[in-house]
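As structure tokens, the structure follows; a few thoughts come after it.
The values are calculated or read from the model by the stated rules, or taken from the named source; none is laboratory data. Please read all numbers here as calculations on a predicted model, not as lab measurements. In this analysis, Cβ positions are derived from the backbone assuming ideal geometry, glycine residues included, and neighbour counts consider all displayed protein chains.
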Amino acid sequence: MTLAALCVSVFVVGTSEYLISGLLPQVGADLKVSVGMAGQAVTVYALGVVVGGPLVAALTAGMPRKGLALGLMLVFAAGSAISALAPSYELLLVGRLVSSFSHAAFLALALVMATSVVPTDKTGTAIATVASGFTVATLLGVPLGALLGESAGWRAPFAVLTALALAGVALLAVVLPEQPAPATRLQDEVRVVTRRPVLLAIATTAVGFSGVAMVFTYIAPLLTRVSGFSSTAVSGLLLTYGAGGFLGNLLAGRLADKSMSATVRGVFGGLTGVLLLIPFAVVWQPSAVAAVLVLGLLATATIAPLQGLILRHAGDAPTLAVSANVGAFNLGAATGSAIGGVIVSAGALRWTGLAGAVLSLAGLALTYLVLPRTSSATRPADDDVPAAG
């Protein structure tokens, strides 16, 4: 029940990140700004996650976990309410920034709490279960929010999100077990996040995931202009991508419980291969469909093993490190989108996959620094990680 409550809460928080993407024309018209300016509400949120998330996690490291979870959800609800009621563009950005500050910190806390209520050999499954709330948010929350915005105005989705966040607070208040404040201090959290293995794991996340973002950000024009799909068909393919992401995340969680290193490397190796093939697969519709499905399966399959990797290195002070890794996913998405934009502007839309493959290959190379091969004579080579301390 605890995992389910955390999953639902992560779904609510996860929906907010890209919710406004489908509402930009309405937001621009209502608040009298251009669509491009309205789109900066997405950028502000992402920056809040990358910068504000770890900062909030660091400042709240010594607070009792249940009270902190409830407080972060209330902050998120407040930000959503400000967005829903914003009379000006500037106040909308304030609301988005307030919500974003709780995003990475809450997701990190949810992942840490999830692993604390399961046996150590089920860590990957617990992470994947909670993270599946985020994949469902991408699959259903954002499209449904856009539909609601079209029929009831752009403020309605934010009002619903506020109500859902408050309902999440009530659910977590009932379900979450009481946990004492961690014995770790802020300096312990900072010391963990600055360890070489943790920094390498965070870099692996940012670099490896940027390869996915480089292609996914521009997948709709790729499928319409190169593959020849209609806009309606592309919407269906994106649902297929999301469904594949949901399944891939859960499967990777189970595999990570069996072999952390094999799962991490297998996912990045698979991503490198599919990204390399995409420029050639998209010229034929059946192979394009297969490529989109496989990309979806592998894209979110990075979440459970990479967060599990952070937790293995973080020891008793994991919250700041996990929050920084959540920010690394966002940083990777922003970096990949930016580089992909340059490639697309140069008229090379079809070839974004090749550049994405290079970044995923770099992520794969980094895994060998984070999880170096060890001698089987001394310990199992597959998964042993240097102890935190």
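A few remarks follow.
To keep it simple, each residue is scored yes or no on (1) assigned by TED's automatic domain parsing to the domain that holds Thr43; (2) within 28 Å of Leu297 (Cβ to Cβ); (3) within 21 Å of the chain's Cα centre (by Cα).
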{"position": "Leu59", "(1), (2), (3)": "yes, no, no"}
{"position": "Arg65", "(1), (2), (3)": "yes, no, no"}
{"position": "Ala78", "(1), (2), (3)": "yes, no, no"}
{"position": "Ala84", "(1), (2), (3)": "yes, no, no"}
{"position": "Gly95", "(1), (2), (3)": "yes, no, yes"}
{"position": "Phe101", "(1), (2), (3)": "yes, no, yes"}
{"position": "Val130", "(1), (2), (3)": "yes, yes, yes"}
{"position": "Thr138", "(1), (2), (3)": "yes, yes, yes"}
{"position": "Ser151", "(1), (2), (3)": "yes, no, no"}
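- Extreme residue, farthest from Gly244 (Cα to Cα), among residues of segment 286-322 that are out of contact with any Gly (no Cβ under 7 Å at 6 or more places or on another chain) and among the polar types (S, T, N, Q): Thr319
- Some residue of segment 119-130 being modelled with pLDDT under 90, of a type outside the set (Asp, Glu) and not in a helix (DSSP H, G or I): yes
- When residues of segment 336-373 are limited to those that are part of a loop (DSSP other than H, G, I, E, B) and at negative phi, the one modelled with the lowest pLDDT: Arg373
- Residue check, Ser227 assigned by TED's automatic domain parsing to the domain that holds Leu297 and either among the basic types (Lys, Arg) or surrounded by fewer than 15 Cβ atoms within 10 Å (Cβ to Cβ) (or both): no
- Within segment 138-172, the set of residues being farther than 26 Å from Leu31 by Cα and either in a loop (DSSP other than H, G, I, E, B) or modelled with pLDDT of 80 or more (or both) comprises Leu166, Ala167, Gly168, Val169, Ala170, Leu171, Leu172.
- Within segment 253-299, the residues that satisfy the criterion of being among the β-branched types (Val, Ile, Thr) and farther than 24 Å from Val226 by Cβ are Thr263, Val264, Val267.
- Listed by first and then second residue, the pairs linking a residue in segment 60-77 that is surrounded by fewer than 17 Cβ atoms within 10 Å (Cβ to Cβ) to a residue that is basic (Lys, Arg), with Cβ atoms under 8 Å apart and 6 or more places separating them unless they lie on different chains, are Gly62/Arg185.
- Odd one out for Thr162 among (1) touching an Asp or Glu at 6+ places or on another chain (Cβ under 8 Å); (2) in the same structural domain as Val35 (by TED's automatic domain parsing); (3) not aliphatic (A, V, I, L, M): (1)
- Residue pairs meeting the criteria (Cβ under 9 Å; at least 6 apart or on separate chains; first more than 13 Å from Lys66 (Cβ to Cβ), in segment 160-183; second among the charged types (D, E, K, R)): Ala183/Asp316
- Matching residues, segment 185-224, being exposed (fewer than 15 other Cβ atoms within 10 Å of the Cβ), without any contact (Cβ under 8 Å) to a residue 60 or more places away in the chain and more than 30 Å from Val294 (Cβ to Cβ): Gln187, Thr194, Arg196
A quick yes/no check of all residues on (1) among the aliphatic types (A, V, I, L, M); (2) over 23 Å from the mean Cα position of the chain (by Cα):
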{"residue": "Leu111", "(1), (2)": "yes, no"}
{"residue": "Trp154", "(1), (2)": "no, yes"}
{"residue": "Ala163", "(1), (2)": "yes, no"}
{"residue": "Gly168", "(1), (2)": "no, no"}
{"residue": "Val198", "(1), (2)": "yes, no"}
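- Single unsatisfied condition, Lys32 versus (1) on the phi > 0 side of the Ramachandran plot; (2) touching a Leu at 6+ places or on another chain (Cβ under 8 Å): (2)
- Test for Ser80: is it modelled with pLDDT of 85 or more, closer than 23 Å to Ala338 by Cα and crowded, with 20+ Cβ neighbours inside 10 Å: no
- Taking (1) in contact with a Lys or Arg (Cβ under 6 Å, 6 or more places away or on another chain); (2) closer than 17 Å to Leu31 by Cβ in turn, Thr125 satisfies each apart from (2).
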